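The values are calculated or read from the model by the stated rules, or taken from the named source; none is laboratory data. Treat the numbers as computed from the prediction; the structure is a model and nothing was measured. Don't worry about glycine lacking a Cβ; one is built from the backbone with ideal geometry, like all the others, and counts go over all protein chains shown.
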Amino acid sequence: MANLVNRKIILQERILPLVTQKKKTINLYDMYEEKRDYPRVAVNTLAVVHKKDEDDVNVILHDISPDGVQLRCNRKTAYIIHPDGKFITNKTAPEVSLKFTLLIDNKDKDVLVQAKIYYFTIIATDVVAFGVKFKKFEKFTQRHVDDYITQSIVPVEAQVLDMLNTPHTDGDILDKLDDKDVNLSDTLNLLRRKKAIISYEDDKTRKFVKLESAIESIFKRLEKIEKRLDKEGK
C-alpha cells in the first residue's frame with residue numbers, strides 16, 4: 001500500500017505540470033489568446049465603432065470575453081478604423097468607443113465602453129478581424145457583459161465536466177452539448193488551465209478526461225498489477 005501511495009504522489013507531480021504547460025508565444029495575437037482566463041462567447045451581433053473626428057461605422061461583434069471583444073468587418077470599414085494598416089503596438093493602439101446590445105434573460109441590455117484595438121488580421125478575402133480590449137465602461141454596463149458571459153459559460157463548463165468522467169473526443173463532447181455554437185476549444189483550454197481535465201493521444205485521436213478520473217484509473221491498474229505480482233510471488 002505504501003508503494004501505491006508513493007506512486008500516486010509521483011504521478012501527480014508528473015501529470016500536473018503537463019496540464020499547465022503552455023505553448024510557445026509566437027506573436028501579439030497568440031500572446032493574448034494564450035492569456036485568456038475565460039473562453040470567448042459567440043455573439044454575432046451588430047456593434048457601432050466610434051473614433052474621434054470620424055463617422056460611426058457598423059461592424060459585427062463576433063465574440064466576447066470579460067476583457068474584450070473580436071470585431072469583424074470588410075476591408076473598406078477596416079480602413080476607416082485603422083487607416084495606416086500598420087502593425088499595432090501598445091503605443092499605437094487606436095482608441096475607440098463601442099456600443100452594442102446583449103440579450104440577457106430575454107431583455108436587450110446596451111453596453112457602452114471605451115476600448116483599444118490591440119491587433120488586426122485578415123481572415124478571409126474581404127473579412128478583417130480586430131481584437132479590442134476594454135478600458136472603461138460607462139455607468140453600470142460592465143455588469144451586462146459579466147452577466148452575459150456567466151449565463152453562457154457556466155452551464156457549458158458543468159455539462160463538459162459531467163461528460164468527462166470517461167474519456168471523450170472533442171467531437172463526442174460537441175455532439176452531446178445543448179449549445180452547438182459554443183467555442184469548445186476555449187472551454188477545454190480553460191478547464192485544462194484550472195487543472196480540472198487532461199488530454200492525451202489514443203491511437204492518434206485526442207481525448208479529454210477529468211484529471212481525478214484519469215489518476216483514479218491509473219491507480220486501479222497499479223493496484224491490479226500489485227495484486228497479481230503478490231500472487232506470483234507467493
Note to self: I'd like to know if the stretch 204-222 contains one or more residues that are surrounded by fewer than 19 Cβ atoms within 10 Å (Cβ to Cβ), within 21 Å of the chain's Cα centre (by Cα) and assigned to a helix (DSSP H, G or I).
What the structure shows: no
Note to self: So the check is Cβ under 7 Å with 6+ separation or different chains; which pairs have a first residue in the stretch 88-100 that's closer than 14 Å to residue 130 by Cβ and surrounded by 17 or more Cβ atoms within 10 Å (Cβ to Cβ) and a second one that's modelled with pLDDT of 90 or more and of a type in the set (Gly, Ala, Ser)?
What the structure shows: 96/115; 98/47; 98/115; 100/47
Next item on the list: Would you be able to say whether some residue in the stretch 183-194 is modelled with pLDDT under 90, assigned by TED's automatic domain parsing to the domain that holds residue 214 and more than 17 Å from the chain's Cα centre (by Cα)?
Entry: no
Note to self: Here are the criteria: (1) among the acidic types (Asp, Glu); (2) within 18 Å of residue 57 (Cα to Cα); (3) under 22 Å from the mean Cα position of the chain (by Cα). Tell me which single one residue 126 does not satisfy.
What the structure shows: (3)
Margin query: When you scan the stretch 124-141, do you find a residue that is assigned by TED's automatic domain parsing to the domain that holds residue 62, touching a helix residue (DSSP H, G or I) at 6+ places or on another chain (Cβ under 8 Å), surrounded by fewer than 14 Cβ atoms within 10 Å (Cβ to Cβ) and not small (Gly, Ala, Ser), even just one?
Written below: yes
Checklist line | Hits in the stretch 101-121 - residues which are crowded, with 16+ Cβ neighbours inside 10 Å and farther than 28 Å from residue 150 by Cβ | finding: 120
Notebook entry, point to check: Going by the structure shown, is residue 120 touching an Asp or Glu at 6+ places or on another chain (Cβ under 8 Å) and of a type in the set (Phe, Trp, Tyr)?
Noted result: no
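Residue-by-condition table, conditions (1) of a type in the set (A, V, I, L, M); (2) under 23 Å from the mean Cα position of the chain (by Cα); (3) modelled with pLDDT under 95; (4) over 19 Å from residue 46 (Cβ atoms):
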| residue | (1), (2), (3), (4) |
| --- | --- |
| 72 | no, yes, no, no |
| 80 | yes, no, yes, no |
| 88 | yes, yes, yes, yes |
| 92 | no, no, yes, yes |
| 119 | no, yes, yes, yes |
| 122 | yes, yes, yes, yes |
| 134 | no, yes, no, no |
| 139 | no, no, yes, yes |
Check: Yes or no: residue 187 under 30 Å from residue 82 (Cβ atoms), surrounded by 14 or more Cβ atoms within 10 Å (Cβ to Cβ) and hydroxyl-bearing (Ser, Thr, Tyr)?
Finding: no
Checklist line | Scope the stretch 157-194; condition among the acidic types (Asp, Glu), over 12 Å from residue 207 (Cα atoms) and assigned to a helix (DSSP H, G or I); matching residues | finding: 157, 162, 175, 186
Item checked: Residue that is nearest to residue 47 (Cα to Cα), among those in the stretch 95-115 that are modelled with pLDDT of 95 or more and within 21 Å of the chain's Cα centre (by Cα) -> 102
Margin query: Need the failing condition index for residue 34 against (1) at pLDDT below 90; (2) closer than 18 Å to residue 123 by Cβ; (3) not small (Gly, Ala, Ser), just the number.
Written below: (2)
Notebook entry, point to check: Does residue 53 meet the test of being at positive phi and at pLDDT below 90?
Noted result: yes
